[in-house]
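All of the numbers you see were taken from the coordinates with simple rules; none came from a lab. In this text the structure is predicted, and so the values were computed from the model without any measurement. Every residue, glycine among them, receives a Cβ derived from its backbone with ideal geometry; neighbour counts consider all protein chains shown.
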Amino acid sequence: MIIQVCVGSSCCLKGSYEIVEFLQKAVADNHLDADVTLAGSFCSGRCNRIGVTIFVDDDVYTGVTPDTISAFFNEKVLVPLNAERK
Ligand code: FES
């Protein structure tokens, strides 16, 4: 799984770096280093007023914030990876 966090200027203002830090720690804490690749992405033109744009493989999500990244990680990363393992 490849997770790309937008580090364009609009997303940075809404917490990209906090989100990247959260994801780095969450991936390590859940021993997912072999399953998840974290990367940055440039602005894809999906900037919005609420939060940050994140790509998970081919899916794109907008409006993710430092307050919602934990739930996002559970729903979009942990649950699908655990389902793949069954
Ligand atoms: S700055 Fe992130 S989508 Fe534009």
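For K76, the lysines whose Cα falls under 19 Å of its own Cα, not counting residues fewer than eight places away in the same chain, are K25, K86. Full extension of the chain segment joining Q24 with I2 gains 6.7 nm, where the gain is 0.36 nm per residue of separation less the Cα-Cα distance.
Could you tell me the calculated FRET efficiency between D33 and T62, based on Cβ-Cβ distance and R0 = 25 angstrom, to the nearest 0.05?
That pair, D33 with T62, gives E of 0.40.
Under 5 Å from the amide H of T65 lie the amide H atoms of V52, each residue being 5 or more positions distant or on a separate chain, with H modelled from the backbone and absent for Pro and chain starts.
Over all Cα atoms in the chain, the spread is summed up by Rg and Dmax: 12.2, 39 Å. Across the options P66, I3, L32, the greatest Cα extent toward the positive end of the charge dipole of the chain (unit charges at beta carbon of Lys, Arg, Asp, Glu) belongs to P66. Take every Cα pair under 8 Å whose residues are at least 6 apart in sequence, average their separation, divide by the length of the range 2-85, and the relative contact order is 36 percent.
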